[in-house]
Amino acid sequence: MLNIKHFLDMSGRAARRLLEFVALLFVVAAIGFLVQFFERLLPENVVSLPAPWGPMIRVRSSLCLQTLAALWLLATLQRGYPLRTLFRVQLRTTAGVVAAAVASITLAALLIDFQAIRSNGFHPIKPSIHPEVWTATLAAMTLGAFFEELFHRALLQPLIGRLFNSELAGLLGAALIFTLMHPLKDAVLVVPGALLLGIVFWRTRSLVCTTALHLAMNVTVDLLKGRSLMVSPLLSAEEFAPMRPAIGLALVLLAVAFECWHRRPSRRATLAPPNERAAIAAAESTSG
């Protein structure tokens, strides 16, 4: 009798969590469609600022509103981590993982085709001549990275983890949805990137850290492909294609390295809650 009651209680909780998750997705999708509908109603000259600011603001206006809506949901639902935790700046961890990601992507590209990179040369738009291009482009890329991290990591990952009662399930589910929202031809890069971002968020709980990492990876890949901030392409599409699997593998290895680094006893003791830190210290003293 007790087993049946326990099963019914568990089923009821699971059903409520599933309903909550579906309702959240519906609300976010409805907000997105509504914002895009109103954006289409705006006249082309609604923003009178010069290029690139005018077009960038018009194109990103819907993303700004969706970001604000996601922040509001995060603050009112109270099903994930508190905003104070999400916006905590972990400077050393953030700087380390960002530097490692940039180095890993660059090294993978150099190992695959160093001659192509050397022969084509590096021709970025000079910030001193066109500062507005760098400012507008980086602002748009930062907003895009922040929205994706806010939605996929801060909202979806904890909710999916709560739905299945497993943080690993939350990581994999959010990574799958993140991948499906990108072109499938980029999956060899997007899947490892999503797993790396999910692991970093799982271990740091910091939206600042994952946004900085996301932005660094996007800028590094864009500079290699010759988009946005380049005068001319550094690599052609044919030259960049063989680098995709190598860059993906490099990101997977970086994710494994970050997880191993986090699992060190000294690191776990630093990040654990006070009662868990006391238990770790007691276990270490006993074993010693």
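The values are calculated or read from the model by the stated rules, or taken from the named source; none is laboratory data. Please read these numbers as outputs of a predicted model, since none were measured by experiment. No Cβ is skipped: glycine too gets one built from the backbone with ideal geometry, and neighbour counts run over all protein chains shown. Please note that ligands, DNA and RNA were not included when accessible areas were found on the heavy atoms of the full protein model with its side chains. Shrake-Rupley method; radii C 1.70, N 1.55, O 1.52, S 1.80 Å.
The range 163-255 holds helices (runs of 4 or more DSSP H) entirely within its bounds, and those carrying 2 or more residues that are more than 20 Å from Leu107 (Cβ to Cβ) and open to solvent by 60 Å² or more (accessible area, probe 1.4 Å) map to 167-180, 237-240.
In the set (1) in contact with a helix residue (DSSP H, G or I) (Cβ under 7 Å, 6 or more places away or on another chain); (2) closer than 14 Å to Met230 by Cα, the condition left unmet by Thr106 is number (2). Where helices (runs of 4 or more DSSP H) sit wholly within the range 71-162, those with at least 3 residues that are open to solvent by 70 Å² or more (accessible area, probe 1.4 Å) and in contact (Cβ under 8 Å) with a residue 60 or more places away in the chain occupy 91-120. Of everything listed in (1) out of contact with any Asp or Glu (no Cβ under 8 Å at 6 or more places or on another chain); (2) farther than 28 Å from Phe258 by Cβ, the single unmet condition for Gly96 is (2).
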